[in-house]
1. With Gly105, Gly70, Gly46 as the choices, which residue is away from the ligand (no atom under 16 Å from the Cβ) and without any contact (Cβ under 8 Å) to a residue 60 or more places away in the chain?
2. For segment 183-196, give me each residue that is open to solvent by 20 Å² or more (accessible area, probe 1.4 Å) and either farther than 22 Å from Ala100 by Cβ or free of Cβ contacts under 8 Å to residues at least 60 places away in the same chain (or both).
3. Of all residues in segment 215-229, count the ones that are out of contact with any helix residue (DSSP H, G or I) (no Cβ under 7 Å at 6 or more places or on another chain) and either basic (Lys, Arg) or within 17 Å of Glu194 (Cβ to Cβ) (or both).
4. If we keep just the residues of segment 116-164 that are in contact with a Lys or Arg (Cβ under 7 Å, 6 or more places away or on another chain) and over 30 Å from Asn212 (Cα atoms), which is surrounded by the fewest Cβ atoms within 10 Å (Cβ to Cβ)?
5. May I ask you to list pairs of residues, at least six apart or on different chains, whose Cβ atoms are under 7 Å apart, with the first in segment 216-232 being open to solvent by 60 Å² or more (accessible area, probe 1.4 Å) and the second being aromatic (Phe, Trp, Tyr)?
6. Among the candidates Lys114, Lys93, Lys127, single out the residue that is under 17 Å from the mean Cα position of the chain (by Cα) and charged (D, E, K, R).
7. Checking the condition out of contact with any helix residue (DSSP H, G or I) (no Cβ under 8 Å at 6 or more places or on another chain) and small (Gly, Ala, Ser), which residue from Ala53, Ala86 passes?
8. Filter segment 62-103 down to the residues that are among the hydroxyl-bearing types (Ser, Thr, Tyr) and open to solvent by less than 10 Å² (accessible area, probe 1.4 Å) and list them by number.
Amino acid sequence: MQGRIHSIESCGTVDGPGLRCVVFFQGCSLRCRYCHNPDTWVINGGQKVAASAIIKKITRFQPYFNHHGGVTLSGGEPLLQPEFAAQILRECKKQGIHTAVDTSGWVDLPALEKTLPYTDLLLLDIKALDHKMYRWLTGKEADKFLTALGVIKEHQTPLWLRYVVLPGINDTPEYISKLKQLISSLGSMVQKVELLPYHPLGVHKWQKLGLNYTLGQLKPPADSAIDLLYQKLQQNRTVISA
Ligand code: SF4
């Protein structure tokens, strides 16, 4: 089984618990305005590799994972190549490696059904909980994400929820209240909530690709503003990675 990846990071510390081997998949259906990795969007870019080669690489790092670490499939959107992702996850689980998948949740249901049984933790990006905002932010309709959320609930997969805070755009009381409602509806599945302050980190990649970056005027939120949002959500602040 072969698939397309963008890159592999052997010592990630922010995409899941402990020390992690992070496999960045190539391809994404969304076009988030703040995307840090537009170079992962095109599905036929990156490099073609065998799942077995990736598994071999991951197992080489196994001694460093200890109890907490493991593998994280990220992207791009890893669930855009579900068979390839499932094979890596299944084999890692067989070898006792903790598995995490970093996904937008804007994915087909069969992709979830194939991968969730082998996923210990989902890092789920909440792009928006409002249809209009979802469309504006990602270029796609929210329905697919909302349907997928139902399946994720059925599986009761442990979650780290991630929400990129765009000051003045998605941090209003209305949006934060919707986020709070979602968190409480997911109950004990939610292990952590991460508010990621907007940062124009990938803007040079947009320019290099000749793409129009539309958030150029937006400033990252103040640290105190993020603290306040955590208070409103009644969640503990966690290590922020973006
Ligand atoms: S889902 Fe992730 S990779 Fe895809 S466009 Fe959005 S931020 Fe970029």
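The values are calculated or read from the model by the stated rules, or taken from the named source; none is laboratory data. Bear in mind that the values here come from a model prediction, so they are computed numbers and not experimental data. Reconstructed Cβ throughout: ideal geometry from the backbone, glycine too, with neighbour counts over all protein chains shown. With ligands, DNA and RNA removed, areas are computed over all heavy atoms of the protein, side chains included. Shrake-Rupley method; radii C 1.70, N 1.55, O 1.52, S 1.80 Å.
1. Working: Gly105 fails: away from the ligand (no atom under 16 Å from the Cβ); Gly46 fails: away from the ligand (no atom under 16 Å from the Cβ).
Checking each option against the conditions leaves just Gly70.
2. Listed by number, the residues that qualify are Ser184, Ser185, Gly187, Ser188, Val190, Lys192.
3. 8
4. Tyr118
5. Partner pairs satisfying both residue conditions: Pro220/Tyr198.
6. Values: Lys114 fails: under 17 Å from the mean Cα position of the chain (by Cα); Lys93 fails: under 17 Å from the mean Cα position of the chain (by Cα).
Being under 17 Å from the mean Cα position of the chain (by Cα) and charged (D, E, K, R) holds for just one of Lys114, Lys93, Lys127, which is Lys127.
7. Numbers: Ala86 fails: out of contact with any helix residue (DSSP H, G or I) (no Cβ under 8 Å at 6 or more places or on another chain).
So the residue among Ala53, Ala86 that is out of contact with any helix residue (DSSP H, G or I) (no Cβ under 8 Å at 6 or more places or on another chain) and small (Gly, Ala, Ser) is Ala53.
8. Initial filter on segment 62-103 (among the hydroxyl-bearing types (Ser, Thr, Tyr)): 64, 72, 74, 99, 103.
Thr72, Ser74, Thr99, Thr103 - these are the residues of segment 62-103 that are among the hydroxyl-bearing types (Ser, Thr, Tyr) and open to solvent by less than 10 Å² (accessible area, probe 1.4 Å).
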